[in-house]
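Computed from the coordinates by the stated procedures, all read-outs in this text should not be read as laboratory data. This structure is a prediction, so every number in the text was calculated from the model and none was measured. Counting neighbours? That spans all protein chains shown, and the Cβs are built from the backbone with ideal geometry, glycine included.
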Amino acid sequence: MKENLLFYNAYQNFYKMADESEVFKTYCKRAFGEDFSQDGFSDLNQLNMILSMVDIDNKANVLDVGCGNGKMLEYIHSKTGARIYGFDYSENAISSARKRMGDRGSFKVAVIGEAEYDDNKFDLITSMDTMYFAPDMIAFVSSVYKWLKLNGSFICGYQEGDIMKKTKDCNTTELAKALRENDLKYKVIDYTKETYDMLRHKRKVIKSMKEDFINAGLLMWYRVIKGQTNSVKVSYEKYKKKNARYIYKVIKENF
Ligand SMILES: C[S@@+](CC[C@H](N)C(=O)[O-])C[C@H]1O[C@@H](n2cnc3c(N)ncnc32)[C@H](O)[C@@H]1O
């Protein structure tokens, strides 16, 4: 039963609110530079950096794993013209993506570990703050690699200190272990400081919008979002002992 999957009901509620609330859209734009209905740690700077790491044009196929309501894909499409694909287990998220994007994208409701795509199909696969939900990360990494075209890239935004516990460094995370189990080489950008700064900014923005959230009947969401920034009440030196953000990149070198 999907209802038993971690956070399923919470994400259904989140994407319904994200679709309906102008206050939340304004908050996203101010906190992250663009409204991608973020629940993770990706702002506009991070997404632009990721796009600068790959060569994607209007002939490319791009898949986003855990795409939510598809707004990051919509942005990628607007910048590159790429054909976009996304899946997420939240029906509310996917119906919102389909409503906005129509036949400019291909979105499906699917659970990580059960979603299927053709082998050798994608030039770029992104997964922002979603790998944590794979019931078997080693097996899921293997699927993602199969879905990539030769020379295609898998780029993953991965946070420690939130769902996943902080480990020693970028080579000791569950994702790094899963990549090594699949014999995959990876490069990593340490994005911890940028994420600390982004969260400090997000905290300022959400606090400044308290009245707006209350007037819109969204006090509960105000508390959730503000709570997501409690980790940055301390100095960066303290923050980075318990938190880290890494951007992993894998290029498909063989079939
Ligand atoms: C932390 S959010 C990140 C969303 C988006 N990628 C972002 O960066 O803002 C995790 C996303 O994964 C989806 N998700 C969680 N568990 C999932 C699962 N088992 N199968 C498919 N999607 C899942 C949620 O609905 C949500 O959209």
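If you take the charge dipole of the range 2-251 about its Cα centre, with +1 on Lys and Arg Cβ and -1 on Asp and Glu Cβ, which of 236, 124, 106 is farthest toward its positive end?
236
When N is the residue count of the chain, what does its C-alpha Rg come to as a fraction of 2.2 N^0.38 Å? All intermediate terms of the calculation are to be shown ahead of the outcome.
Values: Rg = 17.6 Å, N = 255, 2.2 N^0.38 = 18.1 Å.
With N residues counted in the chain, Rg over 2.2 N^0.38 Å equals 0.97.
Can you give the calculated 222 nm mean residue ellipticity of the chain, where each DSSP H run of n ≥ 4 adds -39,500 (n - 2.57) and the sum is split over every residue, rounded to the nearest 500 deg cm²/dmol? Walk me through the intermediate numbers first.
Details: 11 runs with 112 residues, N = 255.
The helix contribution divided over the chain gives -13000 deg cm²/dmol.
Quick check: pseudo-label points 7 Å beyond the Cα along Cα→Cβ at residue 169 and residue 79, how many nm apart are they?
So the two model labels end up 2.9 nm from each other.
Of 167, 11, 254, which is farthest towards the positive pole of the chain's charge dipole, taken about the Cα centre with +1 and -1 on the beta-carbons of Lys, Arg and Asp, Glu respectively?
167
For the range 2-251, give me the percentage of DSSP beta bridges that are antiparallel, rounded to the nearest 5 percent. Please report the intermediate quantities before stating the final value.
Numbers: 12 of 31 bridges.
Once the DSSP bridges in the range 2-251 are tallied, antiparallel ones form about 40 percent.
Only counting other Cβ atoms within 10 Å, I'd like 153, 52, 90 sorted with the fewest neighbours first. Kindly include the intermediate steps, with their values, before the conclusion.
On the way: 153 21, 52 8, 90 25.
Final ranking by Cβ density, sparse to dense: 52, 153, 90.
In the range 18-45, which residues have a backbone nitrogen under 12 Å from the label point lying 7 Å from residue 100's Cα in the Cα-to-Cβ direction?
Inside the label zone: 18-21, 25-26, 28-29, 34-39.
Evaluate the charge dipole of the chain about its Cα centre and quote only its size in Debye, nearest 20, assuming +1 on the Cβ of each Lys and Arg and -1 on the Cβ of each Asp and Glu.
On the way: 41 positive and 35 negative charges, 196 e Å.
Once rounded to the nearest 20, the dipole reads 940 debye.
Which residue, 78, 26, 92, has the largest displacement toward the positive end of the dipole of the chain when charges sit on each Cβ (Lys, Arg +1; Asp, Glu -1)?
Farthest towards the positive pole: 26.
Taking Rh as the Kirkwood radius computed over C-alpha pairs, what is the Stokes-Einstein D of the range 49-167 at 20 °C in a medium of viscosity 1.002 mPa s, expressed in µm² per second? Mind showing how you got there, number by number?
Numbers: Rh = 14.5 Å.
The estimated diffusion coefficient comes to 148 µm²/s.
Hey, what's the per residue convex hull volume over the C-alpha atoms of the range 28-87, in cubic angstrom?
Details: hull volume 4.4 nm³, N = 60.
Spelled out: Cα convex hull of the range 28-87, divided by residues, is 73 Å³.
Quickly work out the residue 3-to-residue 219 label distance, labels modelled 7 Å from Cα along the C-beta direction, and quote it in nm with one decimal.
Simple spin-label model gives 2.8 nm for this pair.
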